[in-house]
Amino acid sequence: MVGLNKVLEFNSVMLALGFGGIGSFLIATFKRIKRSREETELRFKNLEFANVALLHDKIYQQCTMFINTGWISVDDLENLEYLWRGYRNLGGNGTGEVLYNKVKALPNKDWRDKGYQKEEEK
């Protein structure tokens with residue numbers, strides 16, 4: 001009987017260690033997954049911020065050029081609108097909107113009317 005009690009006691013200790021080890025493993029895995037998710041969310045937010053910044057810069061450059069030119073072609077206006085929609089949907093601010101609205105109010109001309117030649121046709 002003494003031998004059986006020792007085997008049962010040893011078995012109980014091994015089960016406790018096994019369940020404790022499994023529990024520790026699961027907790028560590030859960031923490032790792034949570035940390036990875038938080039890092040991914042932060043990275044996504046940073047990428048979104050960078051996209052807004054790039055779109056703002058592109059919209060600002062194009063709007064400034066078109067305002068200085070005094071007109072915009074229909075093709076360029078459609079391209080600018082495409083950029084604007086992405087910028088607005090990502091939460092872009094009012095500065096871009098003011099410029100975009102000024103450009104929308106410009107007269108629409110075909111770039112050939114002014115004797116300009118697009119880069120790809122030179």
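The values are calculated or read from the model by the stated rules, or taken from the named source; none is laboratory data. These numbers were taken from a predicted model, which means no experiment stands behind them. To get the accessible areas, we keep the full protein, side chains included, count just its heavy atoms, and leave off ligands, DNA and RNA. Shrake-Rupley method; radii C 1.70, N 1.55, O 1.52, S 1.80 Å.
In order along the range 69-82, the phi-based Karplus estimate (6.51 cos²θ - 1.76 cosθ + 1.60, θ = phi - 60°) of 3J(HN,Hα) comes to 6, x, 7, 8, 7, 4, 4, 5, 5, 5, 5, 5, 5, 4 Hz; Gly and Pro are listed as x.
Phi angles across the range 46-61 convert, under the Karplus curve 6.51 cos²θ - 1.76 cosθ + 1.60 with θ = phi - 60°, into 3J(HN,Hα) values of 5, 5, 4, 4, 5, 4, 4, 5, 5, 5, 4, 4, 5, 4, 4, 4 Hz, Gly and Pro given as x. Checking the Cα-Cα distances for K34/K58; K45/K102; K6/K34 against a 32 Å cut-off, the pairs over it are K34/K58; K6/K34.
Solvent-accessible surface of protein heavy atoms, probed at 1.4 angstrom with all chains present, puts I27, I67 in the order I27, I67, largest first.
Only protein heavy atoms count here; under a 1.4 Å probe, S73 has an accessible surface of about 0 Å².
Rolling a 1.4 Å probe over the protein chains gives D57 an accessible area of about 70 Å². Computed with a 1.4 Å probe over protein heavy atoms only, the accessible area of R37 comes to about 130 Å².
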